[in-house]
Amino acid sequence: MKTSRRLAAISQRVTKQYHDIWDCCCDHGLLGADLVKRNSANCVHFVDSVPQICQHLEQNLSHHLPYTSNGSTSQWQVHCEDVAKLELKGNGTQLVIIAGVGGELCIDLLKGILSNNPKFNFELILCPVHYQYELRQFLHSQEIGLIHEQLVEENQRHYEILHLSTAKHSPISKVGEAMWQLSNPKHQAYLAKTIAHYRRMSGNNTHPAQLAYEALQNA
Ligand SMILES: C[S@@+](CC[C@H](N)C(=O)[O-])C[C@H]1O[C@@H](n2cnc3c(N)ncnc32)[C@H](O)[C@@H]1O
């Protein structure tokens with residue numbers, strides 16, 4: 001399977017060497033495999049909760065990325081577990097990636113990870129499907145800081161890629177102010193679609209997200 005434009009854009013955000021990278025909800029494992037090949041971490045951890053997916057992935061990775069040992073740690077590991085129960089390593093820089101799942105699930109997984117790992121800071125790359133405003137609201141409430149945000153188009157769908165840190169950085173905007181290029185017709189179309197979505201959801205009351213996105217459109 002070929003790495004998609006969305007996954008390639010996430011991979012390109014990884015520009016430094018981490019101690020551990022966690023490809024959460026990894027499924028096919030394409031993203032993590034790319035990061036192993038690029039030597040982006042001492043260990044890339046592939047995490048998925050479905051046993052068959054994990055078995056298949058382990059076989060695939062063993063075939064394509066032979067299990068090499070670098071000192072006491074190996075270059076990759078597959079973990080069959082619920083991401084909400086993830087315990088990060090306390091030693092060295094940690095990057096947690098959650099992509100391709102709904103924003104609501106992403107919030108639940110983050111609540112678990114944050115409560116299991118209260119003692120140290122880590123970076124996050126999130127690329128949710130839908131529910132972005134609510135996810136951003138949650139991240140804002142947790143004071144998770146923004147490093148970078150970007151909008152990527154693939155097969156006529158738009159994906160928001162958020163690179164974040166639990167250490168202090170700029171506060172995250174609920175509408176992603178830094179990612180928009182509003183002279184770009186594709187960005188304009190995504191903004192119009194997002195506003196239409198919240199208009200439909202609001203019924204008689206105006207949804208705060210609708211007002212926030214409209215303000216962006218009128219700026
Ligand atoms: C659509 S795939 C996303 C694959 C890949 N991350 C991507 O962006 O292309 C979603 C995966 O999330 C896994 N998943 C869902 N909930 C999970 C959880 N609580 N813990 C671990 N994996 C989970 C599913 O088993 C599935 O393989």
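Structure values in brief
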quantity	calculated
Selected from Leu135, Leu86, Thr194, residue furthest toward positive end of dipole (the chain; charges at beta carbon)	Thr194
Length gained when the stretch Ala215-Lys168 is fully extended (0.36 nm per residue, less Cα-Cα span)	14.2 nm
Computed label-point distance, nm, for sites Asn39 and Ala178 using a 7 Å Cα→Cβ extension	2.9
Computed log₁₀ I(q)/I(0) - Debye formula, equal Cα scatterers, no solvent, the range 5-176, q 0.10 Å⁻¹	-0.35
12 Å beta-carbon shell around Gly102, net charge (K/R +1, D/E -1)	-3
Cα-centre dipole for the chain with unit charges at Cβ (Lys and Arg positive, Asp and Glu negative), debye to 20	460
FRET efficiency for Lys16 and Ser202, using Cβ-Cβ distance with R0 set to 41 Å, rounded to 0.05	0.45
The chain: calculated mean residue ellipticity at 222 nm from DSSP helix runs of at least 4, using -39500 (n - 2.57)	-11500 deg cm²/dmol
Amide H contacts of Val78 (H built 1.01 Å from N, under 5 Å, at least 5 apart or other chain)	Phe46
D_trans [Stokes-Einstein, Kirkwood Rh over alpha-carbon pairs] for the range 180-219, 20 °C, 1.002 mPa s, µm² s⁻¹	208
Spin-label model distance (nm) - Lys85 vs Asn155, 7 Å beyond Cα toward Cβ	3.2
Cβ-defined net charge surrounding Ile172, 13 Å radius [Lys, Arg +1; Asp, Glu -1]	-2
Listed pairs Lys89/Lys193; Lys16/Lys85; Lys89/Lys186; Lys85/Lys186; Lys119/Lys174; Lys85/Lys193 exceeding 31 Å between Cα atoms	Lys89/Lys193; Lys89/Lys186; Lys85/Lys186; Lys85/Lys193
Value of relative contact order over the range 1-131, rounded to a whole percent, pairs C-alpha under 8 Å and six or more apart	25
Among beta bridges that DSSP assigns inside the range 93-160, antiparallel share in %, nearest 5	40
Euclidean distance of C-alpha centroids, the range 179-205 and the range 6-40, integer Å	30
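The numbers here are math on the coordinates, done by the rules we state, and not lab data. Predicted model, so just to flag it, every value in this text is computed and none were measured. When we count neighbours, we look across all protein chains shown, and the Cβ atoms used for this are built from the backbone with ideal geometry, even at glycine.
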